[in-house]
Amino acid sequence: MALGSDNRPRNGYRGGVASKSRKRGGAAPARSAGTTRAGTARARTARARTVPAGTARARTVPAGTVPAGTAQAGSAQAGSAQLTAPPEVRENPKTEAYPGQQFGLPERGAGSVASIGSRIVALFIDWLLSLAIAHWLTHSQYWTILIFAVEVFVLTALTGSTVGMRICRIRVIRTGGGPVGFRWALVRTVLLLTVVLPLITDFDRRGIHDRAADTIVVRS
C-alpha cells in the first residue's frame with residue numbers, strides 16, 4: 001500500500017471516483033451550452049417558418065366570396081323591396097260567376113237558369129193537376145203519385161217541360177243543350193219522387209236529380 005506525504009495510506013478507489021467526478025462536472029456545462037444553442041437555432045427556424053395569423057386567415061378567404069357586411073346589406077335591401085312591393089290583387093271567380101255560366105248560359109232572359117220559386121210553383125201545379133185526374137178517373141186520391149210520375153216522365157222525355165213548367169215558362173234541357181230523352185228522364189223522375197234530393201241544390205240551382213241526369217232547368 002502506498003503512503004502519502006502525511007504518512008496516510010492513499011485509497012485508489014476514492015481517487016478514481018474523485019477524478020471521474022471532476023471530468024463529469026467539466027463536461028456537463030459543455031453539454032448544457034450545446035443544448036441551449038440547439039434550442040435557440042430551432043426557435044429561430046420555427047419563427048422564420050411561422051406565418052402571421054392574419055395573413056393565414058386572409059389567404060383562406062376565396063376570391064369570389066362576398067364579405068359578410070355586403071351580404072347582410074343585400075339581404076336587408078331585398079327584404080325592404082319585398083315589404084314595399086304592392087300586394088297582388090286576386091280576383092275571386094265566385095263573385096263574378098252566376099248560375100249557369102259554366103254551361104255557357106246567359107245570366108238573364110231566355111235560356112238562363114230558372115229560379116227556385118218558379119220550379120216550386122210548376123211542381124205544385126203538376127201535383128194539383130195529377131190530383132184532379134186521379135179523382136176524376138178513380139174517385140180516389142191514392143193514384144195521384146202514379147199519375148204525377150207518369151206525367152213528369154213522359155212530358156220531360158218528349159218536350160222537356162210538364163204542364164206546370166209550360167205555365168211558368170221553364171223547361172228541362174241537358175247541360176250540352178240537347179233533349180233529355182227517356183233514359184235520363186226516368187232517372188230524373190225517380191229521384192224527383194224522393195222529395196228530399198231535389199232540395200239539395202248547388203250553385204247552378206241543380207238538385208241531385210238534375211246532377212244525376214246531367215240536366216238543368218232554364219227559362220223558356
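Descriptive notes on the structure:
- Meets criteria (without any contact (Cβ under 8 Å) to a residue 24 or more places away in the chain, out of contact with any Leu (no Cβ under 8 Å at 6 or more places or on another chain) and on the phi > 0 side of the Ramachandran plot) for His135: no
- Considering only residues in region 188-214 that are aliphatic (A, V, I, L, M) and more than 40 Å from the chain's Cα centre (by Cα), the one that is farthest from Ala149 (Cα to Cα) turns out to be Val195.
- Qualifying residue in region 112-128 (condition: assigned to a loop (DSSP other than H, G, I, E, B) and in contact with a helix residue (DSSP H, G or I) (Cβ under 7 Å, 6 or more places away or on another chain)): no
- Residue within region 92-102 that is loosely packed, with under 15 Cβ neighbours inside 10 Å, in contact with a Gly (Cβ under 9 Å, 6 or more places away or on another chain) and at pLDDT 90 or above present: no
- Within region 93-108, residues that are more than 15 Å from Val217 (Cβ to Cβ) and small (Gly, Ala, Ser) reach partners that are at pLDDT 90 or above and surrounded by 11 or more Cβ atoms within 10 Å (Cβ to Cβ) with beta carbons closer than 9 Å, at six or more positions or on different chains, in the pairs Ala97/Phe203.
- Only listed residue being among the hydrophobic types (A, V, I, L, M, F, W, C), at pLDDT 95 or above and under 45 Å from the mean Cα position of the chain (by Cα), chosen from Ala157, Ala185: Ala185
- For region 150-183, a residue qualifies if it is surrounded by 19 or more Cβ atoms within 10 Å (Cβ to Cβ), touching a Lys or Arg at 6+ places or on another chain (Cβ under 7 Å) and of a type outside the set (Val, Ile, Thr), and the qualifying residues are Gly160, Ser161, Met165.
- When Ala213 is tested against (1) of a type outside the set (Ser, Thr, Tyr); (2) free of Cβ contacts under 8 Å to residues at least 24 places away in the same chain; (3) closer than 24 Å to Ala97 by Cβ, just one condition goes unmet, and that condition is (2).
- Selection status of Val217, closer than 19 Å to Gly117 by Cα and surrounded by 15 or more Cβ atoms within 10 Å (Cβ to Cβ): yes
- Within region 193-212, restricting attention to residues that are assigned to a helix (DSSP H, G or I) and at pLDDT 95 or above, the residue that is surrounded by the fewest Cβ atoms within 10 Å (Cβ to Cβ) is Ala212.
The values are calculated or read from the model by the stated rules, or taken from the named source; none is laboratory data. Keep in mind that this is a model prediction, so the values were computed, not measured. When we count neighbours, we look across all protein chains shown, and the Cβ atoms used for this are built from the backbone with ideal geometry, even at glycine.
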